[in-house]
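Any read-out appearing in this document is the output of simple, stated calculations on the displayed coordinates, not a laboratory observation. Computed from a predicted model, the values in this text were never measured in an experiment. Here Cβ is always computed from backbone atoms with ideal geometry, including for glycine, and neighbour counts include all displayed protein chains.
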Amino acid sequence: MKYVVLLMADGEEKPWGEQTPEEQARQMERFGAFDEACAAREGVRILAGEALQDGDAAATVRTRGGRLTLTDGPFAEAVEGLGGFYLIEVPDRDVLVELLAELPAYDMQISPVVEGM
């Protein structure tokens with residue numbers, strides 16, 4: 001089963017650009033541990049994953065009455081900002097949740113992907 005995992009900054013961690021090189025290195029170690037744990041697990045594959053730029057770099061596209069409108073900024077104003085994502089294939093949700101414990105402290109949304117479209 002495939003899932004999208006959205007990594008939401010929880011407001012407690014300093015933004016990436018404000019972290020010291022040591023703090024950034026610790027974060028990267030956690031991402032590396034997650035990658036290794038996924039690679040070691042039968043039936044688990046990371047299909048895609050990326051860190052995202054700050055929410056200030058985002059834009060929102062809305063369709064109303066058949067017309068597209070582009071607005072600078074994220075979809076919604078929130079303390080939590082979308083920091084990155086994974087597209088991952090796992091045997092089931094329980095395995096995914098177990099593996100996500102390897103990542104740095106994020107609030108995460110996990111959503112199953114509709115297969116066969």
Put a dot 7 Å past each Cα toward the Cβ at Glu22 and Met8; how far apart are the dots in nm? 3.2 nm
Could you give the alpha-carbon Rg of segment 2-112 over 2.2 N^0.38 Å, rounded to two decimals? 1.21
Between Ile110 and Ala40, what length comes free when the chain is fully extended (0.36 nm per residue of separation minus the Cα-Cα distance, one decimal in nm)? 23.1 nm
Going by average Cβ neighbours within 10 Å, how do the peptides 50-59, 94-103 rank, with the highest at the top? 94-103, 50-59
Mind putting a number on the dipole of the chain about its Cα centre? Charges go on the C-beta only, +1 for Lys and Arg and -1 for Asp and Glu, and I need it in Debye to the nearest 20. 660 debye
Work out from phi, with θ = phi - 60° and the Karplus expression 6.51 cos²θ - 1.76 cosθ + 1.60, the ³J(HN,Hα) of each residue of segment 57-69, listed in order in whole Hz, and give x for Gly and Pro. 8, 6, 9, 10, 10, 10, 10, 9, x, x, 10, 8, 10
Taking R0 as 35 Å, what FRET efficiency do you get between Ala33 and Thr60 from their Cβ-Cβ distance, rounded to the nearest 0.05? 0.55
Which of the chymotrypsin sites (Phe, Trp or Tyr not before Pro) across segment 1-60 are loop residues per DSSP, with 11 or fewer other Cβ within 10 Å? none
As a test of the formula, what do you get for the chain when each DSSP H run with n ≥ 4 contributes -39,500 (n - 2.57) and the sum is divided by the residue count, at 222 nm and rounded to the nearest 500 deg cm²/dmol? -7500 deg cm²/dmol
Value of Rg to Rh for segment 2-62 (Rh from inverse mean 1/r over Cα pairs, i.e. Kirkwood): 1.02
Quick one: which residues, 5 or more positions from Gly84 or on another chain, have an amide H under 5 Å from its amide H? H modelled 1.01 Å from N in the peptide plane, none for Pro or chain starts. Leu7, Leu52
Listed residue (Thr63, Tyr86, Phe75) projecting farthest to the positive dipole end of the chain, Cβ model: Thr63
